[in-house]
1. Evaluate the following for Pro173: is it under 14 Å from Leu73 (Cα atoms), at pLDDT 95 or above, outside any helix (DSSP H, G or I) and of a type outside the set (Val, Ile, Thr)?
2. Looking at the range 281-295, can you tell me whether even one residue there is in a strand (DSSP E or B), within 21 Å of the chain's Cα centre (by Cα) and free of Cβ contacts under 8 Å to residues at least 60 places away in the same chain?
3. Among all residue pairs at least 6 apart or on different chains, which show Cβ distances below 6 Å where the first residue, located in the range 33-48, is closer than 27 Å to Ile234 by Cα and in contact (Cβ under 8 Å) with a residue 24 or more places away in the chain and the second is among the polar types (S, T, N, Q) and not in a loop (DSSP other than H, G, I, E, B)?
4. Surrounded by fewer than 23 Cβ atoms within 10 Å (Cβ to Cβ), modelled with pLDDT of 95 or more and either in contact with a Leu (Cβ under 7 Å, 6 or more places away or on another chain) or under 24 Å from Pro354 (Cα atoms) (or both) - does that describe any residue in the range 189-210?
5. When the residues of the range 296-314 are narrowed to those that are assigned to a loop (DSSP other than H, G, I, E, B) and modelled with pLDDT under 95, which ends up farthest from Cys72 (Cα to Cα)?
6. Residues of the range 106-139 being in a loop (DSSP other than H, G, I, E, B), over 29 Å from Thr60 (Cβ atoms) and either of a type in the set (Phe, Trp, Tyr) or in contact with a Phe, Trp or Tyr (Cβ under 9 Å, 6 or more places away or on another chain) (or both), which ones?
7. Could you list, in sequence order, the residues of the range 377-400 that are assigned to a helix (DSSP H, G or I) and touching a residue at least 12 places away in the same chain (Cβ under 8 Å)?
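The values are calculated or read from the model by the stated rules, or taken from the named source; none is laboratory data. None of these values were measured; they are calculated from a predicted model. Quick reminder, even Gly has a Cβ in these numbers, built from the backbone with ideal geometry, and neighbours come from all protein chains shown.
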Amino acid sequence: MKVSRRALFLLLILFTIFSLKPLELLAGSIYAGASAKIITPDLNKYTIYLAGFGMGRKATGVHDDLWSRSLCLRVGETTLALVSVDLVGVMYPEYIKVLKRLPRDLAIDMVLLTSTHNHEGPDVVGLWGPHIFQTGVNWGWYNEALDIIAKTIAEAYHAMEPAGIRLGHDEAPGLAVDSREPHIMEEQVETLQAVDREGNAIATVVFYASHPEVLWDENTLITSDYPHYLYRYIEENDGGIAIFANGPLGGLISPKVSDHTFEEAQRVGETIADISLRSLEESEVVWETVMRVQGQRLYIPMTNTMLRVANLSGLIDRPLYHCDRDLLTAVGVVELGENGSLAQIVTVPGEDFPENWFEIKGKMHAQHRMHIGLCLDEVGYVVPREDWQWLEYEESMSASIFLDRWLHNNLEKMLTLE
């Protein structure tokens, strides 16, 4: 059978049309979607012990809700999901559980699950139960929360639409205090905002470093602490869904307050939020760019005897490997722009010291450099090796003396450095 040249030409056009991706999905285009879901435990159903201070601090009520907040960002053919939860620290095994709960049709290259390090929410590690022989984790509620976290990611993924991003940064002097010498703090507020084609905000991600512990240990009401007011301020000022990513807060970085009250929590949260939104006022929207993501799993020897005993006794529920010697954790890198020129983000699975961050930040070259702490895991304080002192509090709450060098050496290898 003969086929005319015209017919062949038409067939070629049809084949091209149906085999190519839509124009808006060509490499470099940006899509974004966001979602927020409540993970507050029902105190009529569950007994909840609050994390972060002493043992036996039972929740007696709810001041404001705890959240799972997610942004899905697709740049070209690479998709990133960032989800932040108002918890003290989701550990790596539970991060894997969230990944397994995600629908299989989600084409996500990297999921970054970070915790705000909230000290007024449920114990999800196990150290703050009624006494030293009983875990503080209520697995009935926690499994429900893990389901919701996965649903938050999926909802943000399916909400993705054509978008652009805006980036900004500014200083927040005098809002925090470092209680350990040398007094070194990261006082910069970095912001990433996703906007739709009309310029309306889809989500605003705020990167800042300070413990959410304004309310301190006398409080027994569930609250997300100062992030609650940060969320509310941003969302009331047309910032879309507000997401908070804590940074290098080890050392120990806490809010500088006159009293441990909700009024002071409001002042801190709204001040950070205002600085964040104002930093975007002169920034231009980026409609096309490139994004690179990379993760690395690491086995690190657990050298903390107290935490090892807590782990082997079941107080902390996470597996150890290689004859119960090593814990499994992970680090990650996200870069926006050619060779990471626009933004570089590193993730650290614990409470990183600012000294460590400034060392690696000084080697980065992006216009915007972000640090997400307690991301993918909570292994405690990441104390600089040269500053390690066995009898200090931060060392007693660190899984390993090797965290600093093993984590940051791998991050440095993963980054695009000039």
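1. In short, no.
2. Within the range 281-295, not a single residue is in a strand (DSSP E or B), within 21 Å of the chain's Cα centre (by Cα) and free of Cβ contacts under 8 Å to residues at least 60 places away in the same chain.
3. Between residues of the range 33-48 that are closer than 27 Å to Ile234 by Cα and in contact (Cβ under 8 Å) with a residue 24 or more places away in the chain and residues that are among the polar types (S, T, N, Q) and not in a loop (DSSP other than H, G, I, E, B), the close pairs are Ser35/Ser70; Ser35/Thr152; Lys37/Ser68; Lys37/Thr152; Ile39/Ser68.
4. no
5. Ser313
6. Leu106, Ala107, Ile108, listed by residue number.
7. Correct list: Arg385, Asp387, Tyr393, Glu394, Glu395, Ser396.
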